[in-house]
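Values in this text are rule-based calculations from the coordinates and carry no lab data. Everything quoted here is computed from the prediction, not taken from an experiment. FYI the Cβ positions are ideal-geometry reconstructions off the backbone, even for glycines, and counts take in every protein chain you see.
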Amino acid sequence: MKCSIVKLRRIVIKILLIDTPSTMASRKDVPRISVPYGPLYLASSLRRSGFLPVIYDSKISDVRAIHAWKSVHYCGDSLDQISARIGIEMPDFIAITNILSKDTGIALEIARRAKAVCPKTVVAIGGSHATASPEDILACPEVDIAAIGEGEQTIVELAQRIEAGETFRDVKGIAFRNDIGAIVVNPQRIPANELPPFPDYSLVDLERYFQITAQGFGARPFVIGKRTLSVFSSRGCPFRCFFCGAHAIVGRKFRTYPADIVLQHIRDMVERYGIDSVDFEDDNVSGDRRRFEAIVDGLADFHPRLAWATPNGARADTLTDRALLQKMKASGLQYLTMGVESGDQQFLSKTIKKALDLGVVVELAKLFRQVGIPLNAFFIVGFPDETLEQINNTLSFAHMLHRRHAVYPFISFAIPLKGTDMYRICVDKGYLTDAITPELLTHSASYKGRGLILTRDFTPEQVSVLLRKFNRDVFIDELKNMAFNPVLALTRVRSILRSLPRAWRYFFS
Ligand code: B12
Ligand code: SF4
């Protein structure tokens, strides 16, 4: 009897997990929709503790329905529809995931609306921005809790406290306002050594996400399959790149799932959801060479039914081994992306603090070309204390890699994000062009955006001019590269075909 009462109480508390809409600079920008992994991990953790949470991803109802808000746009349900949905659910606890600082304004607006329709609900916001700056989140009186870092344990403790009608003020890994309105930041939760189980995808409508990606609205520009899911096979990164905000969430300790668990997870996804491809979204997928090789060996068993790629930057210096690359190719690797960041060795080592030898990058580029795997590289320009000459060195290096070794470059502006060393330097030295608001970040991160850093050496406009010229040159060289490399041409053409709706919308809407 006692047992059934406990079960009943569990069903009574209603938890709504909301993924924040993704803001875009203009109506013409293409929404980038990904399965809401944050809410999925949180919901799976709550399910294991007996709760029955609901995930609400307002973006997916209609990706072509674009709404204006302040100076930005977003897709899917409008804010009024989001309010209405919250009114229907009437949750006791709302957990909003906001992983990109640029979306913080709209996450706070949802919190305001949630409290307007459902005044008694407890509202928590987590993700990168809440972790980097809980004060920004709690400046909004409608938010009760800013969650810091990984949330699988925190969310369960919060739900248990709310369910029991107890205070949540001593839960680790959160910040809140006390009785006199002062912000209290509780001790951080040390990221657990043992990673949480992989998420339960039955909690979202996966078919809808596959459909959206097929229509050209997926998160990543290169699409490798019709039914792709991401795998986070590790968390944490021991390196200290000064622009990076990832370690605030996942910590510096490199924590991994053993290769056999990763492979079992992939097998489950193939069998249950018929996936045909996997994007590894780890920050450091090959950080443990032996484990990575074991995963690659296991992936060979799925080939050719399953393709894979690493769209998030992998470290070049963990991969310079022809035999490993041959195995990677044979097991279905479609492309790899490496994080290079700068083509100026001194700036890379001294200022960015990325311990990476550019000679190794060139060596890897040669190897990839010889083995026949498409390779991409991330670069960033417009950093604080970077000179125009160093920016040009990066552009020349990226150009050289592209022309000689067919390495496709993704170049973006340095974005000063709270919680990073780079942001602190910009503030200390007065390098920010404006006070950074989420909406400004959205405009800066967009395709036609501009940098937000102004130093004695360059203006954002100068960097924009250099980037525009660089992108034009790369486009022409890319056509030449494709003419000589059939594997590359096939990957690109497939991606382009899948991205046609994006292009159509950009040019003709
Ligand atoms: C995959 C990814 C993307 C994907 C998809 C993102 C998405 N889901 O929509 C794409 C490709 C779209 C993307 C794009 C960008 N990204 Co990105 N991305 C990531 C990455 C690698 C993983 C994010 C993820 O899904 N993690 C897995 C899930 C499980 O974790 P999570 O969502 O963080 O949720 C956990 C916690 O945050 C917490 N939590 C979350 N919500 C809540 C709520 C409550 C109540 C609680 C208790 C806990 C909690 O618990 C969850 C489980 O542990 C991170 C790096 C990282 N390691 O975090 C960068 C990262 C989020 N990206 C970043 C950036 C900067 C970008 C770009 C702006 C880069 C650029 N210059 O273009 C673009 C934005 C483009 C655009 N216009 O939209 C930064 C964000 C920093 C910031 N403060 O904004 C990160 C941290 C990378 C970095 N190295 O700094 N990204
Ligand atoms: S290697 Fe990647 S994840 Fe690690 S600190 Fe540098 S940019 Fe961040």
Just to be sure I understand the curve: with the Debye formula and one point per C-alpha of region 256-389, what is log10 I(q)/I(0) at q = 0.09, 0.11, 0.19 Å⁻¹? -0.30, -0.43, -1.06
Alpha carbon convex hull of region 325-375, volume per residue in cubic angstrom: 71 Å³
In Å and from the alpha-carbon atoms only, list the Rg and Dmax of the chain. 22.8, 75
R0 of 56 Å, Cβ-Cβ distance ASN485-LEU432: FRET efficiency to nearest 0.05: 0.85
Simple spin-label model, 7 Å along Cα-to-Cβ: VAL12 to GLN188 in nm? 3.8 nm
Under a straight-distance cross-link criterion of Cα-Cα below 23 Å, which lysines are reachable from LYS354, leaving out those fewer than 8 residues away in the same chain? LYS253, LYS366, LYS418, LYS429
Phi-based couplings in Hz for region 349-362 (Karplus 6.51, -1.76, 1.60; Gly and Pro marked x): 7, 7, 9, 5, 6, 9, 7, 9, 8, 5, x, 5, 4, 5
Using a 10 Å cut-off around each Cβ, can you sort TRP308, TRP69 from fewest to most neighbouring Cβ atoms? TRP69, TRP308
222 nm [θ] for the chain, helices only, -39500 (n - 2.57) per DSSP H run of 4+, per residue, to 500? -13000 deg cm²/dmol
In order over region 410-419: 3J(HN,Hα) from phi, Karplus 6.51/-1.76/1.60, θ = phi - 60°, whole Hz, x for each Gly or Pro, gives 10, 10, 10, 6, 5, 10, x, 9, 3, x
Output the relative contact order of the chain, whole-number percent, from Cα pairs under 8 angstrom with separation of 6+ residues. 13 percent
Grab the eigenvalues of the alpha-carbon gyration tensor for region 220-508, scale each by 5, take roots, and send me the semi-axes largest first in whole angstrom. 31, 22, 19
Compactness of region 167-306 - radius of gyration and Dmax, Cα, Å: 18.5, 62
Cα axis of helix 460-484 to longest principal axis of the chain: angle in degrees, 0 to 90, nearest 10? 60 degrees
Report the extension gain between GLN345 and ALA139 in nm, rounded to one decimal, defined as 0.36 nm multiplied by the number of residues separating them, less their alpha carbon distance. 70.0 nm
In nm, give the distance between the simple-model label positions of SER49 and SER202, each being 7 Å from the Cα along the Cα-to-Cβ direction. 2.2 nm
If you place +1 on the Cβ of every Lys and Arg, -1 on the Cβ of every Asp and Glu, and leave all else neutral, what size is the dipole of the chain about its Cα centre, to the nearest 20 Debye? 780 debye
Once the dipole of the chain is set up from charges on Cβ (+1 Lys and Arg, -1 Asp and Glu), the residue from the list HIS443, ALA107, LEU336 lying farthest towards its positive end is LEU336
Round to the nearest 0.05 the FRET efficiency obtained for ALA164 and LYS253 when R0 = 30 Å and r is the Cβ-Cβ distance. 0.40
Put a dot 7 Å past each Cα toward the Cβ at GLN211 and ALA65; how far apart are the dots in nm? 1.4 nm
Excluding THR351 itself, calculate the net charge of residues whose Cβ lies under 12 Å from the Cβ of THR351, where each Lys or Arg counts +1 and each Asp or Glu counts -1. -1
Pairs of Cα atoms under 8 Å, at least six residues apart: use those to get the relative contact order of region 2-185, whole percent. 20 percent
